[in-house]
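To start, the structure itself, in structure tokens.
The values are calculated or read from the model by the stated rules, or taken from the named source; none is laboratory data. The structure presented is a predicted model; accordingly, all values stated were derived computationally and were not measured. All Cβ positions, glycine included, derive from the backbone under ideal geometry; neighbour counts span all protein chains shown. Accessible surface areas use protein heavy atoms only, side chains included; no ligands, DNA or RNA. Shrake-Rupley method; radii C 1.70, N 1.55, O 1.52, S 1.80 Å.
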Amino acid sequence: MRLRPLLLAATLLAAPVAAQTGGDATNRIIDEGTNHSQVMTTVQHLTDVIGPRMTNSPNMRRAEAWTAAKFAEWGLKNVRKEGFPFGRGWSIERSSVRMVTPRPIQLTAIPIAWTPAAQLTAPVIVAPIRRERDFDKWRGKLQGKIVMITLPGTGDEPGQAPFQRLSGEDLAKLDTFDQPRNDPDAQARRMKRVGFPKALDTFLKAEGAVAYATMSRGDGKLVHGEGYLFERADNPQVPGVEIAAEDYRRLARLAKSGPAPTLEIASDVRFDDSDQNAYNIIAEIPGTDPKAGYVMAGAHLDSWAAADGAADNAAGSAMIMEAARILAKTGARPKRTIRFALWNGEEQGLLGSLAYVEQHLAHRGAPSDPPLNGDKAYYGWPNRWPVTPKAEYGQLAAYFNIDNGSGKLRGLYAEGNPAVVPIFRDWLAPYDAMGASTVAMSRTGGTDHVFLQSIGLPGFQFIQDPLDYDSRIHHTSIDTFDHLKADDMRQGSIVLAGVLLRAANADKPLPRGPLPTKPVVTDTFTYSADDD
């Protein structure tokens, strides 16, 4: 008789997650995600070993191969790369920007992505240029100059601490319903601004400028290096560098008091044209019911080149991978397939998740509409009509995204979908003591769930403690492993695995909105064409 409890316990431990009760499955997920976690080992390899993962760069190719191999090693199925057209790869081999007169100073600076290499010495000119109408002011004045195109301004004065964890009051403020709005005039203005970087490069080249410089948008000797002219036909002709705000303002002061400082720029950057397709990495835990569809979780694997892309977004990618490993290790056999995605090209306009939507879920626009890329895709695609569902449109039951650093998961945004609120509260209940219990009505944007939302599918973002993500880490030269929080990432992997399993075994898919139709705008109000 004394052996029966031991035999029962052994049987429970050996049983797959789907065969256990909900509490048993949760406990096994928590045990695997705490006592046997590999999330920090994963993220350390992505950052310290592989490093920055610019889309289509050699490092990104290494990351694609390594993550796919890890998924396969952990026993996931249907591991594959899904390609989509992107453009040239680009990476930094080495770079240096020095002021050489009136005295030598090594400046904190970085080449701007997809600008060409440079070996030059030239004087600067402060010529703030924000719009095409500013060109006329500087015609005939830029020959042989390094053009400082940012208005210098003054130092920042932060009004809050750079590191933050969300209080109960902070979380409560997120629970607001944001009414959808349609503003065609604002959309037209955004699309016009998309063409400005190319127009600026053409203008600077025609005026004989030898390089241009921008000022970092934040103080603290941080630089970013973002640039978006990655398609071969749009690649810049003029070298560009971003200079730390403190160094940039010094140059501007010296230029105003005269004579203008002279800079030496040595930028060794490399283009890679070996494969102009970018690749999403997909892996699955197959469901037991082929008619039940699938749930999905994703994070973007690509990063900028200023540092190692740790918080943005090796952290999210590692949590996606760890949730997959936990569920595979615990023998999960969900009703629905659980699909994991590591997106590419997010930093250039959510291009990987957009490609997935177009390949699997729905097409927006008429057959004759030209393809979109970069910012044109980000701003233009959600405003193409009609929305035409594809084969998997009805199969996706839920999508969950992680892309806000390594902070603890505090809950889920309902993304303006009130019908999911009680469901999410139930799914998060086991993780209340871990701090992940909030369901907030707010909508979020700027990352890989938004294109799913734009076609009426249930795509959601997790609420995370911000830490110092926005204040100093996001896209900057200090986005390294040192700023990641291991306890938070273990918690996030557990919560994600648990939510995914509940979604995969739920009786019904999550409630979704109607298939979007083109809004009709009058002088005073917006309404759907179907309301006529």
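Which fully enclosed helices (runs of 4 or more DSSP H) of the range 18-107 have 1 or more residues being of a type in the set (D, E, K, R), at pLDDT below 95 and open to solvent by less than 60 Å² (accessible area, probe 1.4 Å)? Reasoning before the result, please.
Values: elements: 22-35, 39-44, 58-73.
The qualifying helices (runs of 4 or more DSSP H) are 22-35.
With respect to S437, determine if the residue is open to solvent by 30 Å² or more (accessible area, probe 1.4 Å), free of Cβ contacts under 8 Å to residues at least 40 places away in the same chain, farther than 30 Å from K390 by Cα and not β-branched (V, I, T).
Values: open to solvent by 30 Å² or more (accessible area, probe 1.4 Å): yes; free of Cβ contacts under 8 Å to residues at least 40 places away in the same chain: yes; farther than 30 Å from K390 by Cα: yes; not β-branched (V, I, T): yes.
Criteria met by S437.
All of A311, A244 fail the test of being under 30 Å from Q491 (Cβ atoms) and either open to solvent by 10 Å² or more (accessible area, probe 1.4 Å) or in contact (Cβ under 8 Å) with a residue 40 or more places away in the chain (or both), apart from A311.
Taking the criterion of being hydrophobic (A, V, I, L, M, F, W, C) and more than 17 Å from the chain's Cα centre (by Cα), would at least one residue in the range 311-320 satisfy it? No, every residue in the range 311-320 fails to be hydrophobic (A, V, I, L, M, F, W, C) and more than 17 Å from the chain's Cα centre (by Cα). When the range 496-518 is examined, which residues are found to be of a type in the set (K, R), in a loop (DSSP other than H, G, I, E, B) and either under 25 Å from the mean Cα position of the chain (by Cα) or crowded, with 19+ Cβ neighbours inside 10 Å (or both)? Answer for the range 496-518, where residues must be of a type in the set (K, R), in a loop (DSSP other than H, G, I, E, B) and either under 25 Å from the mean Cα position of the chain (by Cα) or crowded, with 19+ Cβ neighbours inside 10 Å (or both): just R512. Residues that are closer than 30 Å to D487 by Cα, within 17 Å of the chain's Cα centre (by Cα) and part of a strand (DSSP E or B) do occur in the range 381-399. When F424, F400 are checked against the criterion of being farther than 26 Å from K81 by Cβ, out of contact with any Lys or Arg (no Cβ under 8 Å at 6 or more places or on another chain) and of a type in the set (F, W, Y), a single residue qualifies: F424.
The residues in the range 23-55 that are touching a residue at least 60 places away in the same chain (Cβ under 8 Å) and charged (D, E, K, R) can be counted, and the count is 4.
Of all the residues that make up the range 155-175, how many are more than 27 Å from L409 (Cβ to Cβ) and without any contact (Cβ under 8 Å) to a residue 60 or more places away in the chain?
Total satisfying the criteria: 1.
Out of curiosity, is A429 in a loop (DSSP other than H, G, I, E, B), without any contact (Cβ under 8 Å) to a residue 60 or more places away in the chain, more than 22 Å from D470 (Cβ to Cβ) and among the hydrophobic types (A, V, I, L, M, F, W, C)?
Working: in a loop (DSSP other than H, G, I, E, B): no; without any contact (Cβ under 8 Å) to a residue 60 or more places away in the chain: yes; more than 22 Å from D470 (Cβ to Cβ): yes; among the hydrophobic types (A, V, I, L, M, F, W, C): yes.
So A429 fails the test.
So which helices (runs of 4 or more DSSP H) are wholly in the range 132-231 and hold at least 3 residues that are at pLDDT below 95 and under 30 Å from P516 (Cβ atoms)? Steps first, answer last, please.
Details: elements: 135-138, 168-173, 184-194, 196-206.
In the range 132-231, the matching helices (runs of 4 or more DSSP H) lie at 184-194.
Out of E264, E226, E207, one residue alone is over 17 Å from K145 (Cα atoms), open to solvent by 30 Å² or more (accessible area, probe 1.4 Å) and among the acidic types (D, E). It is E226.
Exactly one residue among A292, A306, A332 is open to solvent by less than 30 Å² (accessible area, probe 1.4 Å), touching a residue at least 24 places away in the same chain (Cβ under 8 Å) and closer than 24 Å to D201 by Cβ, and that residue is A306.
Tally the residues that are closer than 17 Å to L496 by Cα and either within 17 Å of the chain's Cα centre (by Cα) or among the hydrophobic types (A, V, I, L, M, F, W, C) (or both), restricting the search to the range 441-463.
Restricting attention to the range 441-463, the residues satisfying the condition of being closer than 17 Å to L496 by Cα are 448-449, 458-463.
Subset that is either within 17 Å of the chain's Cα centre (by Cα) or among the hydrophobic types (A, V, I, L, M, F, W, C) (or both): 448-449, 459-463.
Residues meeting the conditions: 7.
Take the conditions closer than 29 Å to G225 by Cβ, touching a residue at least 60 places away in the same chain (Cβ under 8 Å), of a type in the set (D, E, K, R) and in contact with a strand residue (DSSP E or B) (Cβ under 7 Å, 6 or more places away or on another chain) and apply them to R98. Does it pass? Answer is yes for this residue. Contact map, the range 496-514: residues that are closer than 18 Å to F462 by Cα and touching a residue at least 60 places away in the same chain (Cβ under 8 Å) paired with residues that are open to solvent by 20 Å² or more (accessible area, probe 1.4 Å) and of a type in the set (G, A, S), Cβ distance under 6 Å, separation 6+ or inter-chain. Pairs shown: P511/A419.
Of everything listed in (1) within 21 Å of M60 (Cα to Cα); (2) open to solvent by less than 10 Å² (accessible area, probe 1.4 Å), the single unmet condition for E346 is (2). Filtering the range 183-241 to residues that are free of Cβ contacts under 8 Å to residues at least 60 places away in the same chain and β-branched (V, I, T) leaves only T202. Working only within the range 257-315, note down all residues that are of a type in the set (S, T, Y) and not in a helix (DSSP H, G or I). Once the filter is applied, which keeps residues that are of a type in the set (S, T, Y) and not in a helix (DSSP H, G or I), the range 257-315 yields T262, S267, S274, Y279, T288, Y294, S303.
Could you tell me which of the residues S493, S477, S454 is open to solvent by less than 10 Å² (accessible area, probe 1.4 Å) and touching a residue at least 60 places away in the same chain (Cβ under 8 Å)?
Details: S477 fails: open to solvent by less than 10 Å² (accessible area, probe 1.4 Å); S454 fails: open to solvent by less than 10 Å² (accessible area, probe 1.4 Å).
None of the others qualify; the one that does is S493.
Apart from one condition, H449 fits all of (1) over 25 Å from G287 (Cα atoms); (2) open to solvent by less than 10 Å² (accessible area, probe 1.4 Å); the exception is (1).
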